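Notes follow the structure.
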Amino acid sequence: MINKRSDKEAVIEAVRGDGLKLYHASKALQNDKDVVMAAVDNAGFAIYYASDDLKNDKEVVLAAVNSDGHALRYVSLFLRGDKDVVLAAVRRLGTALFYASDELKKDRDGVLAAVCKCDYALGQAAEIMRDDEDIVLAAVAANGTSLRYASRRIKDMEEVVLVAVCEDKNSIKYASKRIQDIIENMKCEGDTAEKFILWRDISKAKSARNIGS
């Protein structure tokens, strides 16, 4: 068991086996880059026990979020606004987007990586991203229920809703009332996705007929 009097070699050996043992190290060793790197390589959360200086060290922080995306919560505000750091974090854990700077919650690369990882991530993105068709399509293709976080406009887009219900039929409850009413009132056999596809095909056929007449 290490304590505040343990030397650097002993602490490094300990944190390589359990990064959270950094908690027991002296303040000086919590500010030692070699020690902290060994700790976060084992457990990204160990960044919580590192000094403020090392929470602002990009190399250390990248190692931490690559180990555990949730570690983004404990790094400096400056590095929560660093695209490399945030991308690494959300690729590991989509909901880490919550801890990104407001500016990076509007970054397409980071948001795309996050929404493909976790159904809650779209809810952490900036409003402008929740009204982006490509972003929402990627989100619902991975997790249909992500539709709940889309803008009203997107929830009324038939192609987006179709992708969502094909991934998870329960996501129909997050579609616009217009679309929900259409599917509910269809007098035919089939699940939600099958009804939706049938309705879309009928609508397309009617449109084509109107154009041709």
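Computed from the coordinates by the stated procedures, all read-outs in this text should not be read as laboratory data. Everything numeric here is computed off the predicted structure, so don't read it as measured data. For neighbour counting, all protein chains shown are included, and Cβ atoms are generated from backbone atoms with ideal geometry for every residue, glycine included.
Structure notes:
- Extension gain, residue 170 to residue 84, is 27.4 nm, computed as 0.36 nm per intervening residue step minus the present C-alpha separation.
- Rounded, prolate or oblate (a/c below 1.5 giving rounded, otherwise prolate when a/b exceeds b/c) for the range 77-130 by Cα gyration tensor: oblate
- Residue with peak Gaussian network fluctuation, the chain [Cα springs, cutoff 10 Å], from 124, 180, 30: 180
- Residue exposure sequence - 1, 129 - by fewest surrounding Cβ within 10 Å: 1, 129
- Kyte-Doolittle mean at least -0.5, axial Cα span of 20 Å or more - DSSP H helices of the chain: 192-212
- Taking every C-alpha pair closer than 8 Å and separated by at least 6 residues, the mean separation divided by the residue count of the chain gives a relative contact order of 9 percent.
- Stretchable slack from residue 131 to residue 7, in nm (0.36 nm times residue separation minus alpha-carbon distance): 39.3 nm
- Contour excess over end-to-end distance, with Cα ends at residue 73 and residue 20 and 0.36 nm allotted per residue: 17.5 nm
- The range 105-125 and the range 26-81 have Cα centres separated by 23 Å.
- Which label in (1) 9, 27, 21, 17, 12, 8, 4, 1, 0; (2) 9, 38, 40, 13, 0; (3) 9, 29, 31, 20, 9, 2, 0 gives the computed P(r) over Cα pairs in 10 Å bins from 0, in percent: (1)
- Within a Gaussian network of the chain (alpha carbon springs, distance under 10 Å), most fluctuating of 56, 143, 185: 185
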